[in-house]
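**Q** Before we start, here is the structure in question, set down as structure tokens.
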Amino acid sequence: MDVKRWLLPEGIDELLPDQAAILEQLRRELLDLYASWGYRLVITPFVEYLDSLLSGVEQDLSLQTVKLTDQLSGRLLGIRADITPQAARIDAHKLQQQMPTRLCYIGSVLRAYPDSQSGSRSPLQIGAELYGHAGIESDHEILELMLATLRLSGLQDIYLDLGHVGIYRALAEYAGLHREQEYALFAAMQRKARPEISQLLENYGLSGPASEMLNALADLNGDATILAQARETLAAAPDAVHAAIDYLQQLGQQTSVPVHYDLAELRAYQYQTGVVFAAFAPGQGAEIARGGRYDHIGEAFGRARPATGFSADLKNLMALNKQPLTRQPVILAPAVADADLEKQIIELRTQGKTVIRELPGQADAISELGITHTLQQNDAGWRLVNC
Amino acid sequence: MQFKTPITIALSKGRIFKDTLPLLEKIGIHPLDDIKTTRKLILDTNQNNVKLVLIRATDVPTYVQWGAADFGVTGKDVLLEHGGDGLYEPLDLKIAQCQLWVAGYPDADTHVRRLRVASKYVQSARDFFHARGQQIELIKLYGSMELAPIVGLADVIVDLVETGNTLKANGLVPLEFITDISSRLVANKASWKTKHEDCKKFVNALRDVIEQE
């Protein structure tokens, strides 16, 4: 038979018992962590009607979403490429609370295109979202929860990258760029392609302070001193820009790890509205977690609520965490029909111990099973013996 | 110039390597090995923390994107094909300059329906013709593109033109200008964040050198 039959599609992977055990351990610890911060788990559907799934995020996620036709309704279904909009829909339509709502989630997502870094098309997305509060306090809480997530995953040196989409947006508006120009310039800005940025601004016939400020934006990145420099360079900018810089400074000061500010970093520009952040680890070519504020996503669902959140790929976090699996004792119970033995097995299993019942022909495979103890009978009854 | 963290720079052999070395020399970085004779692919430099890796031009964006190198020098032509995803392109080094052209016989009509275009630069060719709403048939070639119109494989080619001599020798002429090409410094996004001080120092020093020239 053709061996290629057993291969998985490109960018799709699976976890074998050892890896799955490590991941499951981490998953439980993280969900417990979120619960201890008051974030309640939601389990969102794997497929949804496409128009609902892409509400408010069409431009960012449309190409990434794998589609199929629902045989029952004839409507298009999308397989989720990101759980964040689903959680927003749940907050807007299902919960409808006035109070701030804290939700967390974990689940596989499917992406049409592999992530350019890990090559994965099926990340295991884990994240938390806070709805209904528009201040710096909620951004700070989400940021710290992201950092706590990374620490719990065993990552020590974490670098935080902070940006604010409001800065570029306000400058583009100030310069009078129309939508198409704004996005073309955004693409160049994302690559910090200084030569292209200058060229585009020239093509748009821009000059004076608006052009100078947009030109300078790609270089405004670095430690906290860059913010003072930004206030100077962007002195002529609208108030929104200065408010955003103040916001970044305040948020950065409260943060528990080294912060790198980048005023031209925009990430999911279409649906982000305020602060955007990402975490990096030394030696990793790409970000390991990301998040930010996206206040308008609820509008598409008819109920705009301020929102902020973060997410990461749990499989990626697990791969970065080099801790070996700690093996639990495994007890082998002989294939003997005995009421006392049954009782003993039930008791051990209730205590959380692993008890494997011997099957005929299994005796030789003890080493392969990782057996550490066996149950043996003596005058006093069944007792555990080390292998 | 001293670096606090290890920095790896990816260069491609040939012209880019030859033209980049003087720039690096001016900011105080030069390879220890004799570049004419060495067969090594990783070169140590006079700076303890700086290494050069020698790879194929088209592989440079890939190495940098995945973080296997912090910086790279590569042509804009290569970047246009690669897409530039996950990279910063902070500097135009203004070396290895040339232009991307549509070329063919002097009487070639580039506006015919389903024009057949042969090129190594399929992405750039597609973008150029699609931008004016023209559907084309693309034939991917890896070299000697000038041959394609001569043997009737394609109506026109899209290729880099420096002096135009190769085209001329084969009876072809540049027909339509696509874009200027030069070598760019590219940087890995994560390196930029985690080794920011060194990265910025390196880029600023290079920028000063280029602006002086």
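**Q** Show me the strands (runs of 3 or more DSSP E) entirely contained within the range A:316-387 in which 2 or more residues are touching a residue at least 40 places away in the same chain (Cβ under 8 Å).
**A** So the answer is A:330-333, A:373-378, A:381-386.
**Q** Still on this structure, I have one more. Does A:G309 meet the test of being modelled with pLDDT of 90 or more, in contact with an Asp or Glu (Cβ under 6 Å, 6 or more places away or on another chain) and farther than 30 Å from B:P6 by Cα?
**A** So A:G309 passes the test.
**Q** Just give me the residues in the range B:112-140 being touching a Lys or Arg at 6+ places or on another chain (Cβ under 6 Å) and surrounded by 12 or more Cβ atoms within 10 Å (Cβ to Cβ), in sequence order.
**A** Answer for the range B:112-140, where residues must be touching a Lys or Arg at 6+ places or on another chain (Cβ under 6 Å) and surrounded by 12 or more Cβ atoms within 10 Å (Cβ to Cβ): just B:V122.
**Q** Now for a separate question. Need a quick list: helices (runs of 4 or more DSSP H) entirely within the range B:58-150 having at least 1 residues that are within 14 Å of chain A (Cβ to nearest Cβ) and without any contact (Cβ under 8 Å) to a residue 60 or more places away in the chain. Lay out the reasoning, then the answer.
**A** Values: elements: B:60-65, B:76-82, B:122-131, B:147-150.
Those helices (runs of 4 or more DSSP H) span B:60-65, B:76-82, B:122-131.
**Q** Looking at this structure, is A:L162 open to solvent by less than 10 Å² (accessible area, probe 1.4 Å), of a type outside the set (D, E, K, R), within 14 Å of chain B (Cβ to nearest Cβ) and touching a residue at least 40 places away in the same chain (Cβ under 8 Å)?
**A** Yes.
**Q** Sticking with this one: Scan the range A:1-38 residue by residue and report those that are among the basic types (K, R) and surrounded by 12 or more Cβ atoms within 10 Å (Cβ to Cβ). Let's see the steps before the verdict.
**A** Filtering the range A:1-38 down to residues among the basic types (K, R) leaves A:4-5, A:27-28.
Scanning the range A:1-38 gives a single hit, A:R27.
**Q** Let me ask something else about it. What residue, of B:T37, B:T45, is modelled with pLDDT under 95, more than 14 Å from every other protein chain (Cβ to nearest Cβ) and buried (at least 16 other Cβ atoms within 10 Å of the Cβ)?
**A** B:T45
**Q** Here is a follow-up. For the range B:193-211, indicate whether the set of residues that are away from chain A (no Cβ under 14 Å) and within 30 Å of A:Y159 (Cβ to Cβ) is non-empty.
**A** Among the residues of the range B:193-211, at least one is away from chain A (no Cβ under 14 Å) and within 30 Å of A:Y159 (Cβ to Cβ), which makes the answer yes.
**Q** Here's another thing I want to ask about it. What are the residues in the range A:1-41 that are assigned to a loop (DSSP other than H, G, I, E, B) and within 23 Å of A:R102 (Cα to Cα), if any?
**A** Of everything in the range A:1-41, those that are assigned to a loop (DSSP other than H, G, I, E, B) and within 23 Å of A:R102 (Cα to Cα) turn out to be A:W37, A:G38, A:Y39.
**Q** Continuing with this model, one more query. Looking at this structure, is A:Q272 over 27 Å from A:E368 (Cβ atoms) and either touching a Gly at 6+ places or on another chain (Cβ under 7 Å) or assigned by TED's automatic domain parsing to the domain that holds A:L375 (or both)?
**A** yes
**Q** Being under 17 Å from B:D109 (Cβ atoms), under 21 Å from the mean Cα position of the chain (by Cα), part of a strand (DSSP E or B) and more than 14 Å from every other protein chain (Cβ to nearest Cβ) narrows it down to one of B:I178, B:I157, so name that one.
**A** Only one candidate qualifies: B:I157.
**Q** Considering only the range A:262-304, state which residues are open to solvent by 10 Å² or more (accessible area, probe 1.4 Å), within 14 Å of chain B (Cβ to nearest Cβ) and not in a loop (DSSP other than H, G, I, E, B).
**A** Listed by number, the list holds a single entry, A:R290.
**Q** Given A:E144, A:E180, which one is open to solvent by 40 Å² or more (accessible area, probe 1.4 Å) and acidic (D, E)?
**A** A:E180
**Q** Within the range A:42-56, take every residue that is part of a helix (DSSP H, G or I) and open to solvent by less than 30 Å² (accessible area, probe 1.4 Å) and give me the one that is modelled with the lowest pLDDT.
**A** The extreme case among them is A:L53.
**Q** Please pick out the residue among B:G133, B:G171, B:G143 that is out of contact with any His (no Cβ under 7 Å at 6 or more places or on another chain) and either in the same structural domain as B:A205 (by TED's automatic domain parsing) or closer than 15 Å to B:E81 by Cβ (or both).
**A** Answer to the check: B:G143.
**Q** Does A:L77 fit the bill of being at pLDDT 95 or above, of a type outside the set (K, R), out of contact with any helix residue (DSSP H, G or I) (no Cβ under 7 Å at 6 or more places or on another chain) and part of a strand (DSSP E or B)?
**A** no
**Q** Every residue in the range A:218-261 that is assigned to a helix (DSSP H, G or I) and closer than 16 Å to B:H196 by Cα, please.
**A** Within the range A:218-261, A:T225, A:I226, A:L227 meet the criteria.
Condition check ((1) more than 12 Å from every other protein chain (Cβ to nearest Cβ); (2) in contact with a strand residue (DSSP E or B) (Cβ under 7 Å, 6 or more places away or on another chain); (3) free of Cβ contacts under 8 Å to residues at least 12 places away in the same chain) across all residues:
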residue	(1), (2), (3)
A:N215	yes, no, no
A:L227	yes, yes, no
A:P258	no, yes, no
A:F310	yes, yes, no
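**Q** Another question about this same structure. Out of all the residues in the range A:173-197, which are out of contact with any Leu (no Cβ under 7 Å at 6 or more places or on another chain) and more than 14 Å from chain B (Cβ to nearest Cβ)?
**A** Residues satisfying the conditions are A:E173, A:Y174, A:G176, A:H178, A:R179, A:Q181, A:E182, A:Y183.
**Q** Give the range B:81-111 a look and list any residue that's under 29 Å from B:K201 (Cα atoms) and either open to solvent by 70 Å² or more (accessible area, probe 1.4 Å) or touching a Ser or Thr at 6+ places or on another chain (Cβ under 6 Å) (or both), or say none.
**A** Residues satisfying the conditions are B:D85, B:G86, B:D92, B:L93, B:K94, B:I95, B:A96, B:Q97.
**Q** Of all residues in the range B:168-213, how many are surrounded by fewer than 20 Cβ atoms within 10 Å (Cβ to Cβ) and either of a type in the set (A, V, I, L, M) or at negative phi (or both)?
**A** Summing the residues that are surrounded by fewer than 20 Cβ atoms within 10 Å (Cβ to Cβ) and either of a type in the set (A, V, I, L, M) or at negative phi (or both) in the range B:168-213 gives 23.
**Q** Just checking, which of B:T45, B:T38 is more than 30 Å from B:Q212 (Cα to Cα) and either in the same structural domain as B:D198 (by TED's automatic domain parsing) or under 12 Å from the mean Cα position of the chain (by Cα) (or both)?
**A** B:T38
The values are calculated or read from the model by the stated rules, or taken from the named source; none is laboratory data. Keep in mind it's a predicted model, so treat the numbers as computed, not measured. Cβ: placed from backbone, ideal geometry, glycine included. Neighbour counts: every protein chain shown. Each accessible area value is taken on the protein alone, full model and side chains, heavy atoms only, with ligands, DNA and RNA left out. Shrake-Rupley method; radii C 1.70, N 1.55, O 1.52, S 1.80 Å.
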